[in-house]
Amino acid sequence: MTQDQLAELSRFLYSPTTLLLYLTAAFVYLYALTTTVGRQEERERGRRARRIGGVLAVLGVTAHVAHELARGFAQDRLPLGNMFEVTSLMALVGVVSGLYVLQFVRRRPELNGFVLLGGSLVLGMAMLMYAEPGPLMPILDTWWRPFHVSLLVAAMGIFAAAFVFNGLYLLRDTAERAVAASHEGRSRGSTVGAAHLGDLERTGPSTDGDDDEVERAHAAAYREALRAGIPRVKLAVGVFLGTSLVSWVWLVTDDTVAGGVGRFLAVNLTMVAAALLAAWFTPFLPSTATLDGLAHRTITFAFVLWTVGVIAGAMWAEVSWGRFWGWDPKETGSFLTWVAYAGYLHARATHGVRGRNAAWIGIGAFIVLMGTYLIANYVVVGLHSYAEL
Amino acid sequence: MPTRGYRALVTASSPPPAANPPVRRRRRPGPTGGVGFVVDSVLMAWRWLRRMRTALYMLAALGFLTLVATFVPQEPNVSSTVAEWRSGEAGPGVPVARVLDAVGAFDVYGSGLFVALLLLMYLSLTACLIPRIRAWFRLVRLSRPPVIRRPSEANLTATFATAASPEVVHATADDVLTRRRWRRRRHTGDGRTPAQLAAEKGLVSREGGSLLFHVSFYVLLAAIIVGQLTTFEGQRGVVEGEPGFSDSAVSYWLYQPGRWFDESDHDRWQFELDEFHVDWVRDPLAPGAGQPTEFRSEVTITPPDGEPYAAEIDSNAPLRIGGKRITQLDWGYAPRVVVEVDGEVVHDGFIQPTVTDGGFFRGAVKAPAADPDVGLEVFFYPYAPYDESGRPVPTGAPWDEAPMLLFRQHRGDLQLGATQQTVNELDTTELESEGGAYLRPGQSVTVGDVEVSFPELRRWVGYQVSSRPAIPALLAGAGLLVGGLIPALYASRRRLWVLTERDEGLGSTLVTVTGRAFQRPEAFAEEHAAVTAELADAVEATATDPPPDRPGDHSGAHHRAGDREVLRP
């Protein structure tokens with residue numbers, strides 16, 4: 001195959017193949033999540049759906065890997081040279097590591113859907129920065145590059161997974177608190193076990209014989225209460241504004257006003273839709289402690305990778321530019337991200353800040369990561385600016 | 001204020017109950033009055049610095065300053081953009097720029113605010129670390145695992161029975177845990193606590209890693225400060241085939257030695273650029289069109305007492321001579337321009353025009369030797385081929401396949417020394433133009449009574465020569481940082497007890513292996529199972545709980561103390 005054909009193939013493998021496979025797998029998994037609380041036959045359907053989702057996810061990852069390989073061969077180098085390639089590989093690392101941890105380490109395969117949804121979002125974002133395959137700038141052509149860049153990309157992917165966990169934690173926590181508050185208001189009693197609406201509903205006359213039916217009705221009522229506990233409008237507006245902290249970059253850097261507004265709205269509305277979807281799935285999420293633990297573990301791991309990656313970058317800069325640190329925009333950004341996640345880890349160790357506040361710091365740290373990533377590439381020009389090449 | 005409350009409790013009101021003796025030493029009453037106020041304030045400040053929340057605030061402040069530095073152009077990085085912001089050509093406008101300037105936002109990392117924050121952070125770090133290091137040393141030297149009365153509900157517990165005596169079980173457990181490098185404590189048992197072997201692990205490495213991580217910041221700071229003092233950086237541009245420069249203080253255009261760098265530290269070698277290779281993807285349809293693919297200098301180095309030798313400098317492969325490193329910073333075209341007035345050469349040399357956004361290069365020729373002065377405003381296009389009608393068409397392409405030198409000739413007063421102007425700028429206020437022309441290499445043209453010729457085109461490269469003797473220390477600091485970070489985040493502190501209960505009637509000993517991890521419980525579950533299995537094997541256990549056919553099953557059902565099913569043989 002010629003290089004042009006390979007480039008064509010890699011493009012096709014990326015979009016629509018990988019993108020559609022990830023999205024479909026995500027929705028199949030999310031459907032499976034809703035069946036975990038249903039009747040026996042429904043659970044059976046859920047198991048089957050999960051199997052289908054697994055196959056789709058593996059196919060998606062295979063297509064994604066094939067895309068990376070085809071792109072690599074099309075340009076005779078590792079596909080880590082520009083923003084599109086870095087973002088695409090970030091999605092791959094995030095999806096693979098997220099699925100692996102959930103499936104085999106934590107044994108929570110029902111959460112796979114959220115990881116895949118996050119992966120699809122990052123893939124979609126990479127489409128906004130698509131660049132044709134091409135050779136590298138000479139300064140990037142060294143073994144330092146794969147070392148430094150792949151560490152940072154892996155860390156970014158894992159930080160993205162941690163962002164998903166932090167977001168889900170906040171959703172679930174908000175819902176549980178809302179339910180607990182409403183219970184407290186009605187019973188004016190102890191808040192112990194307040195998060196269980198079941199005993200509230202149980203006060204009515206018992207239906208004879210069909211305990212199972214009652215149980216299910218209570219569970220459904222609890223789910224409804226959880227779902228109602230999340231203020232939709234506030235969530236949508238908050239996510240829109242929060243995403244704007246990052247996506248304004250497209251607004252100001254696109255060549256045309258219409259294009260900029262289009263990209264800005266596309267990113268923001270996708271994020272809002274994803275948040276509302278996640279909010280609908282809140283009742284099926286695992287406990288807040290599990291989600292919090294997942295976020296903490298992933299951030300811890302990614303933080304180590306990020307630290308080593310930044311040090312490797314400094315060493316490369318010393319060799320290549322003759323100085324190890326010069327507060328170049330990208331260096332500043334990576335340092336800021338490091339400080340933000342160090343703040344998260346310190347917050348976890350601080351009484352009174354852990355829990356919700358720590359999760360918010362984690363969310364803020366991811367905004368900082370994405371913001372500095374885009375700003376340093378598009379807005380502020382520095383030595384690292386090879387985004388559009 | 002816990003201390004004050006405590007003191008009030010001890011001195012003013014009732015004495016503490018005898019069963020609950022004061023754990024802290026009683027603080028001697030400090031000085032009162034003005035001195036007391038100062039002492040109290042310092043103590044309060046020190047205590048505030050020691051709080052974790054303070055560290056969080058400072059990290060946030062550091063983040064904020066860095067954020068400012070991301071959005072506002074920084075003078076050391078992009079001084080031209082800063083100048084544009086100040087003059088109002090770019091950015092939010094002159095008034096905002098003036099405010100930014102006043103708070104030092106154009107040079108955040110050199111500003112007093114940043115230095116003060118850094119100082120405060122290091123002070124806070126020190127205030128945190130001193131008690132922690134002391135406590136850590138005490139822990140390493142004195143810590144003994146605590147004994148327990150019974151397994152706690154939160155513990156991971158497994159039991160088995162064996163014919164061996166409690167002493168043998170404890171001795172074997174001691175062996176097993178010694179091999180696994182646990183800290184151990186034998187306890188023979190008394191009325192309140194059963195006979196047991198208490199063990200603990202990971203308390204040194206987790207806290208130690210965290211301390212190492214934080215101490216590495218001092219190493220980094222020291223290395224950076226020493227680096228600033230001993231470093232040397234010099235920059236110099238060289239034209240291909242022209243005389244280069246020698247490593248000495250006077251020959252650098254930009255010379256930045258550290259305070260401890262001495263002129264005798266120069267090595268006095270001679271540097272010449274033979275050829276500079278640069279190339280691009282020239283096919284406009286190829287992927288990555290226009291992108292550079294190569295920057296490489298072929299140079300000749302002559303040591304002060306030795307034979308000249310050839311060397312190469314690549315983008316990622318700087319040249320090292322002794323302790324000095326030579327890197328390529330930038331490059332450009334160097335057309336040679338000869339200017340003659342009335343047959344007399346008033347200028348003959350290479351000019352180094354600077355690159356512009358439009359893809360062409362802009363420079364100037366200044367010949368004060370002529371009377372009146374001659375000034376040429378020069379535009380250099382590397383690739384300006386002829387079109388069908390024979391007219392040159394300037395393009396933005398950077399390769400020199402059809403170089404063209406366009407100039408506008410000026411006569412009058414160059415005002416050298418009178419106004420501020422760079423080598424590539426012409427102050428045209430006192431000059432009058434007599435027209436211009438374009439030249440291909442080898443051509444010459446006469447405008448007015450000035451003959452301008454363009455005999456040849458070469459390239460120039462800007463080099464940076466640097467010496468950083470503190471780099472190994474910095475690398476060591478980075479190594480400490482990573483080496484401390486990993487155990488700080490991944491080491492887990494855990495405790496384990498091996499309890500025995502002898503039943504003389506049955507002639508068997510009931511062994512309980514129970515433990516708890518403060519971090520990473522899953523990893524501990526595996527370790528606990530492995531230790532239990534090893535111990536059970538060594539003492540030939542007769543019945544175990546959990547049964548040996550599912551030793552790895554710790555994912556769902558954790559065996560708590562209390563649910564003992566298979567106990568008696």
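Things worth noting here:
- Every listed requirement among (1) touching an Asp or Glu at 6+ places or on another chain (Cβ under 7 Å); (2) without any contact (Cβ under 8 Å) to a residue 40 or more places away in the chain is met by A:GLU41 save one, (1).
- Filter result for B:GLY556 (within 46 Å of the chain's Cα centre (by Cα) and modelled with pLDDT of 85 or more): no
- Verdict on B:VAL539 being modelled with pLDDT of 90 or more and open to solvent by less than 60 Å² (accessible area, probe 1.4 Å): no
- Scanning the stretch A:325-358 for residues that are on the phi < 0 side of the Ramachandran plot, open to solvent by 30 Å² or more (accessible area, probe 1.4 Å) and of a type in the set (Phe, Trp, Tyr) yields A:TRP325, A:PHE335, A:TRP338.
- Filter result for A:SER150 (modelled with pLDDT under 85 and polar (S, T, N, Q)): yes
- Extreme residue, farthest from A:VAL319 (Cα to Cα), among residues of the stretch B:296-324 that are within 12 Å of chain A (Cβ to nearest Cβ) and open to solvent by 40 Å² or more (accessible area, probe 1.4 Å): B:ARG296
- In the stretch A:322-336, residue farthest from the other protein chains (Cβ to nearest Cβ) [restricted to those that are under 23 Å from the mean Cα position of the chain (by Cα) and free of Cβ contacts under 8 Å to residues at least 40 places away in the same chain]: A:PHE335
- Leading residue by the ranking (farthest from the other protein chains (Cβ to nearest Cβ)) among those in the stretch B:334-353 that are hydrophobic (A, V, I, L, M, F, W, C) and open to solvent by less than 60 Å² (accessible area, probe 1.4 Å): B:VAL341
- Residue list for the stretch A:66-92, restricted to those being of a type in the set (A, V, I, L, M, F, W, C) and open to solvent by less than 40 Å² (accessible area, probe 1.4 Å): A:ALA66, A:ALA70, A:ALA74, A:LEU80, A:MET83, A:PHE84, A:VAL86, A:LEU89, A:MET90, A:ALA91, A:LEU92
- One residue alone among A:ALA7, A:ALA63, A:ALA57 is assigned to a helix (DSSP H, G or I), out of contact with any Gly (no Cβ under 7 Å at 6 or more places or on another chain), within 14 Å of chain B (Cβ to nearest Cβ) and open to solvent by less than 60 Å² (accessible area, probe 1.4 Å), and that residue is A:ALA7.
- Across the stretch B:152-168, the qualifying residues are those that are out of contact with any Lys or Arg (no Cβ under 9 Å at 6 or more places or on another chain) and open to solvent by 50 Å² or more (accessible area, probe 1.4 Å), and the one among them that is farthest from B:PRO521 (Cα to Cα) is B:ALA163.
- Extreme residue, farthest from the other protein chains (Cβ to nearest Cβ), among residues of the stretch B:460-482 that are open to solvent by less than 40 Å² (accessible area, probe 1.4 Å), touching a Gly at 6+ places or on another chain (Cβ under 9 Å) and of a type outside the set (A, V, I, L, M): B:TRP460
Table: residues versus (1) of a type outside the set (A, V, I, L, M, F, W, C); (2) in contact with a strand residue (DSSP E or B) (Cβ under 6 Å, 6 or more places away or on another chain).
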{"residue": "B:SER315", "(1), (2)": "yes, yes"}
{"residue": "B:GLY322", "(1), (2)": "yes, no"}
{"residue": "B:ARG336", "(1), (2)": "yes, yes"}
{"residue": "B:VAL341", "(1), (2)": "no, yes"}
{"residue": "B:VAL345", "(1), (2)": "no, no"}
{"residue": "B:PHE350", "(1), (2)": "no, yes"}
{"residue": "B:VAL355", "(1), (2)": "no, yes"}
{"residue": "B:PRO372", "(1), (2)": "yes, yes"}
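- Every condition in (1) under 14 Å from B:TYR438 (Cα atoms); (2) crowded, with 19+ Cβ neighbours inside 10 Å holds for B:GLY375 except the one numbered (1).
- Qualifying position, being within 14 Å of chain B (Cβ to nearest Cβ) and either in contact (Cβ under 8 Å) with a residue 12 or more places away in the chain or under 30 Å from A:ALA289 (Cα atoms) (or both), among A:GLU85, A:GLU68: A:GLU85
- Checking A:THR307, A:THR298, A:THR290 one by one, the residue that is within 14 Å of another protein chain (Cβ to nearest Cβ), β-branched (Val, Ile, Thr), in a helix (DSSP H, G or I) and open to solvent by less than 10 Å² (accessible area, probe 1.4 Å) is A:THR307 and no other.
- Subset tally (residues that are more than 9 Å from chain B (Cβ to nearest Cβ) and modelled with pLDDT of 80 or more) for the stretch A:366-389: 6
- Every test in (1) part of a loop (DSSP other than H, G, I, E, B); (2) without any contact (Cβ under 8 Å) to a residue 24 or more places away in the chain; (3) more than 19 Å from B:PRO487 (Cβ to Cβ) is passed by B:ILE130 save one, and that test is (1).
- Taking the criterion of being out of contact with any His (no Cβ under 9 Å at 6 or more places or on another chain) and either more than 10 Å from chain B (Cβ to nearest Cβ) or more than 18 Å from A:PHE301 (Cβ to Cβ) (or both), the residues of the stretch A:342-363 that qualify are A:THR350, A:HIS351, A:GLY352, A:ARG354, A:GLY355, A:ARG356, A:ASN357, A:ALA359, A:TRP360, A:ILE363.
- Index of the failed condition, B:TRP331 passing every other in (1) in contact with a helix residue (DSSP H, G or I) (Cβ under 7 Å, 6 or more places away or on another chain); (2) open to solvent by 40 Å² or more (accessible area, probe 1.4 Å): (1)
- Checking the stated criteria, A:ILE361 turns out not to satisfy the condition of being out of contact with any Lys or Arg (no Cβ under 7 Å at 6 or more places or on another chain) and surrounded by fewer than 21 Cβ atoms within 10 Å (Cβ to Cβ).
- The stretch B:495-515, subset in contact with a His (Cβ under 9 Å, 6 or more places away or on another chain) and not hydrophobic (A, V, I, L, M, F, W, C), residue surrounded by the fewest Cβ atoms within 10 Å (Cβ to Cβ): B:THR500
- Residues considered: B:PRO73, B:PRO16. Of these, the only one that is open to solvent by less than 70 Å² (accessible area, probe 1.4 Å), part of a loop (DSSP other than H, G, I, E, B), modelled with pLDDT under 80 and in contact with a helix residue (DSSP H, G or I) (Cβ under 7 Å, 6 or more places away or on another chain) is B:PRO16.
- Per-region count, the stretch B:360-398, residues in contact with a Ser or Thr (Cβ under 7 Å, 6 or more places away or on another chain) and not in a strand (DSSP E or B): 1
- Residue match in the stretch B:169-185 (condition: over 41 Å from the mean Cα position of the chain (by Cα), at pLDDT below 90 and open to solvent by 30 Å² or more (accessible area, probe 1.4 Å)): no
The values are calculated or read from the model by the stated rules, or taken from the named source; none is laboratory data. What you are looking at is a predicted structure, and each value in this text was computed from that prediction instead of being measured. When we count neighbours, we look across all protein chains shown, and the Cβ atoms used for this are built from the backbone with ideal geometry, even at glycine. All accessible areas refer to the heavy atoms of the entire protein, side chains included, with ligands and DNA or RNA removed. Shrake-Rupley method; radii C 1.70, N 1.55, O 1.52, S 1.80 Å.
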